Amino acid sequence: MTRNEIISVLGPVDEAVIADIALTGASLEELREAFAWIGADEALINEGRAMPSARVTKLIDILEPPEDVPQVPGGME
C-alpha cells in the first residue's frame, strides 16, 4: 500500500502512522475496513459483520489513540 493510498483513506496523518500501516502489509481494503470499525464498531456488530481479521485488528490498534490520551481535533498534533 502506498503513502497516497493510506492518505486517501485516512486524510492527513503523521508519517510514523503511515510507516506503521505500511509495515503491516495490509491491503487498501483492509485499511478501509479498519477505518470503518473505528467509527462504527457497534453498528457493524449489530449488522452481523464478522469480527475483524488479525491484520485489520492490528490496523485498528495503530489508528486508535490510547484511551488515556485525549484526542486532538483534526487528528494531528
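Read-outs throughout are calculated quantities, based only on the coordinates presented, and are distinct from any laboratory measurement. Just so we're clear, the structure is a prediction, and the values are computed from it rather than from any experiment. Ideal geometry is used to build each Cβ from the backbone, glycine not excepted, and the neighbour counts take in all protein chains shown.
Can you compute 3J(HN,Hα) from phi for each residue in segment 19-26, using the Karplus curve 6.51 cos²θ - 1.76 cosθ + 1.60 with θ = phi - 60°, rounded to whole Hz and x for Gly and Pro?
5, 4, 5, 4, 5, 6, x, 5
With +1 on each Lys and Arg Cβ and -1 on each Asp and Glu Cβ, how big is the dipole of segment 3-63 about its Cα centre, in debye rounded to the nearest 20?
120 debye
At 37 °C and 0.692 mPa s, what whole-number value in µm²/s does Stokes-Einstein give for the translational diffusion of segment 3-63, with Rh from the Kirkwood sum over Cα pairs?
Calculated translational D: 279 µm²/s.
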